[in-house]
Amino acid sequence: MDPAPASPEPPGAAHPVRPATRRRLTPAGRPARAALVAIVLAGLASFVMLQNWSDNQSSHYDLIRALDAGRTTIDAGPYQTKDKAFYKGHYYSARAPGLAIYALPFYDALKVVEAQRVARSSPALRGEDEIIDFIGWWGNVLPAVLMMLLVWRLAERFEPGYGGAAAVAVGLGTLVLPFSTLLFSHVFAAMLGFAAFALMVRERAGPPRPLLLGAAGLLVGYAIASEYPVAFVAVVLGLYLLSRRDAMTPRGISLRAGAYILGAIVGIVPLLLYNHAAFHSWTHLAYSNIPQQQRGFFGISAPSLRVLGTLLFDSRGLLTLSPVLILGGVGTWLLYRRGRRAEALTIAGVCLCYLVYNSGYYLPFGGGAPGPRFMITMLPFLACPLGLALRRFPGPTITLAAASITTMVIATITHPLIGYENETVVWTRLLSKGEFQPTIATALGLGELHVGVGGWASIWPFLLAVGGAVVALAAATPRLRLPARALGAGALALAAWAAFAALAPTVLGIDHRGLIDIKGAGDTTALNLGLHHGVRYPLTHLVLYASLAGALGLAAMWATRRGGEGRAAPDTAHGAPGGVPLAPAGAQAE
């Protein structure tokens with residue numbers, strides 16, 4: 001990877017042919033290495049976790065075992081998941097097959113090394129079902145690391161020097177963290193969809209290359225085979241492909257669009273072959289045999305502003321638990337002002353599609369989850385412009401990033417698969433008792449184990465990796481001036497988030513509306529708070545811990561960088577360091 005990415009260039013501009021040269025190692029390479037270390041450590045944190053069993057994970061695992069045995073039915077699956085569909089006398093996994101097909105070779109490798117015997121004999125693993133965690137190293141941890149690497153590289157194009165911060169923020173401060181420790185398809189599909197976008201941005205910055213567009217189509221096609229709603233991303237990226245003015249000729253459009261569509265068709269072929277093998281139909285999906293999915297279009301009805309409010313602002317809301325994403329929206333606007341309008345509109349389009357689609361889904365949060373898990377696909381897109389927000393608004397970005405990392409870390413190490421809005425209180429209760437999910441340390445006998453959970457002596461590998469990632473990130477990020485105004489803005493943003501997160505979900509009745517949605521989806525116990533740790537203000541303690549982390553992050557940044565902006569970011573053409581990096585009027589307009 002290039003240690004010093006080039007400054008942003010006008011999209012679609014012609015590039016002179018440069019002779020091949022060998023890059024010399026410059027001081028800029030040291031921050032790049034530190035950013036890479038931070039990303040690897042963030043991935044290592046997910047690698048060491050051994051999470052609880054769930055229906056969604058076991059459905060993927062049953063499908064992997066079925067495909068390995070040469071069948072598609074899961075009638076004889078070892079773990080009776082509820083996440084299945086009944087069709088013509090047989091049960092099938094309700095999951096799209098892309099993740100299972102991708103994980104199949106790794107599963108075969110695990111069998112060769114007798115990983116199932118290890119899973120049964122380990123003191124931390126509660127039987128063979130925990131081989132799901134081993135498969136997850138390939139199915140969710142590796143994709144999470146690849147996603148962070150892609151965010152790093154693409155964010156460097158937008159704001160050189162700040163890509164590492166964007167990558168670690170999405171990897172540790174959003175739903176990507178807990179789901180990178182769970183065998184769900186979201187992180188894998190999100191990585192593929194975002195990789196397609198990264199390829200298209202690269203193609204747009206140079207001469208027309210249909211092969212790159214074909215590869216992008218292939219990635220997004222297989223992402224659809226892994227998670228059907230990625231079709232929204234495919235449509236938005238198709239519009240982005242047509243935004244290049246120097247290729248807007250009949251031949252250019254047909255060649256570029258044809259390469260993209262052909263690649264997407266090839267990517268979807270595994271899904272078509274699976275459908276034909278399972279249902280003797282190229283287009284039949286297991287989803288169509290699940291009663292709840294028969295509402296509207298595969299469970300999607302008209303979007304609702306009320307549901308959208310719960311997705312963003314209740315106690316499991318996307319912005320409540322990951323407020324740093326607010327700065328992702330700010331960064332997208334700054335990116336648009338910078339002149340990268342096509343990229344900014346693409347990011348906004350992906351986010352809008354997922355917000356609208358998810359607000360019309362019959363079960364918005366997807367059951368037991370620490371947040372709206374269907375929105376994970378849009379998170380790497382929204383994280384890309386975070387570097388612009390960090391440089392322009394360092395105080396709020398630092399505090400809200402620290403708060404986001406704290407909430408996601410606590411959720412991940414305690415009990416991420418909660419099922420109700422008010423169950424978020426479980427996270428801090430388990431934290432106060434020192435009861436955590438087992439880790440590799442527990443499996444190796446390096447930490448205590450009580451009733452299937454680990455204590456402080458077992459969670460240290462995860463905390464050490466997260467702490468190391470934050471330290472490496474600090475070394476990788478350019479020095480920023482933090483005047484009193486920036487400190488005040490950071491403190492104000494943190495206080496505003498804390499007050500809202502602690503009070504608004506219950507005072508405004510947002511949590512209650514979320515529970516009504518769950519009841520409407522078929523759970524008659526949703527409003528019986530006594531059955532699921534019912535409390536009035538579930539986020540009070542979580543907000544306190546996150547606020548302390550935000551304040552400490554701001555204080556540490558001020559103490560270490562109060563001398564000014566030493567290693568300034570390369571982009572100084574658009575204003576003084578720390579200011580709004582705006583291009584002159586029309587300088588990069590498309």
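The values are calculated or read from the model by the stated rules, or taken from the named source; none is laboratory data. As the structure is a prediction and not an experimental result, all values here were calculated from the model. Glycine also receives a Cβ, built like all others from the backbone with ideal geometry; neighbour counts cover every protein chain displayed.
Looking at the range 359-371, can you tell me whether even one residue there is in a helix (DSSP H, G or I) and touching a residue at least 60 places away in the same chain (Cβ under 8 Å)? Taking every residue of the range 359-371 in turn, none turns out to be in a helix (DSSP H, G or I) and touching a residue at least 60 places away in the same chain (Cβ under 8 Å).
Yes or no, residue by residue, for (1) under 25 Å from the mean Cα position of the chain (by Cα); (2) at pLDDT 95 or above; (3) among the aliphatic types (A, V, I, L, M):
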position: 7; (1), (2), (3): no, no, no
position: 11; (1), (2), (3): no, no, no
position: 55; (1), (2), (3): yes, no, no
position: 66; (1), (2), (3): no, no, yes
position: 69; (1), (2), (3): no, no, yes
position: 88; (1), (2), (3): no, no, no
position: 92; (1), (2), (3): no, no, no
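Of the residues examined, residue 197 is one that is crowded, with 23+ Cβ neighbours inside 10 Å, out of contact with any Phe, Trp or Tyr (no Cβ under 6 Å at 6 or more places or on another chain) and touching a residue at least 40 places away in the same chain (Cβ under 8 Å). Once the range 251-293 is narrowed to residues that are part of a helix (DSSP H, G or I) and of a type in the set (Ser, Thr, Tyr), the residue that is surrounded by the most Cβ atoms within 10 Å (Cβ to Cβ) is 260. When 163, 171, 238 are checked against the criterion of being of a type in the set (Gly, Ala, Ser) and surrounded by fewer than 24 Cβ atoms within 10 Å (Cβ to Cβ), 238 stands alone in meeting it. Among the residues of the range 48-59, those that are surrounded by 22 or more Cβ atoms within 10 Å (Cβ to Cβ) and outside any loop (DSSP other than H, G, I, E, B) comprise 49, 56, 57, 58, 59.
Residues in the range 516-540 that are more than 22 Å from residue 290 (Cβ to Cβ), of a type outside the set (Val, Ile, Thr) and assigned to a helix (DSSP H, G or I): 4 in all. In summary, helices (runs of 4 or more DSSP H) completely within the range 374-457 and bearing 1 or more residues that are under 30 Å from residue 507 (Cβ atoms) occur at 379-383, 386-392, 394-414, 425-433.
Per the listing 521, 457, the residue uniquely farther than 30 Å from residue 387 by Cα and either without any contact (Cβ under 8 Å) to a residue 40 or more places away in the chain or more than 27 Å from the chain's Cα centre (by Cα) (or both) is 457.
So, in the range 432-461, of the ones that are of a type in the set (Gly, Ala, Ser) and surrounded by fewer than 23 Cβ atoms within 10 Å (Cβ to Cβ), which residue ends up modelled with the lowest pLDDT?
Ranking the candidates gives 452 first.
Being surrounded by 14 or more Cβ atoms within 10 Å (Cβ to Cβ), free of Cβ contacts under 8 Å to residues at least 12 places away in the same chain and not polar (S, T, N, Q) holds for only one residue in 464, 515, 527, and it is 464. Screening the range 117-207 for helices (runs of 4 or more DSSP H) wholly inside it with 1 or more residues that are over 11 Å from the mean Cα position of the chain (by Cα) and under 21 Å from residue 321 (Cβ atoms) returns the ranges 163-172.
For every residue, the table says whether it meets (1) modelled with pLDDT of 95 or more; (2) surrounded by fewer than 21 Cβ atoms within 10 Å (Cβ to Cβ).
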residue: 375; (1), (2): yes, no
residue: 379; (1), (2): yes, no
residue: 403; (1), (2): yes, no
residue: 418; (1), (2): no, no
residue: 426; (1), (2): no, yes
residue: 430; (1), (2): no, yes
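For the range 60-89, a residue qualifies if it is surrounded by 14 or more Cβ atoms within 10 Å (Cβ to Cβ) and among the polar types (S, T, N, Q), and the qualifying residues are 72, 73, 81.
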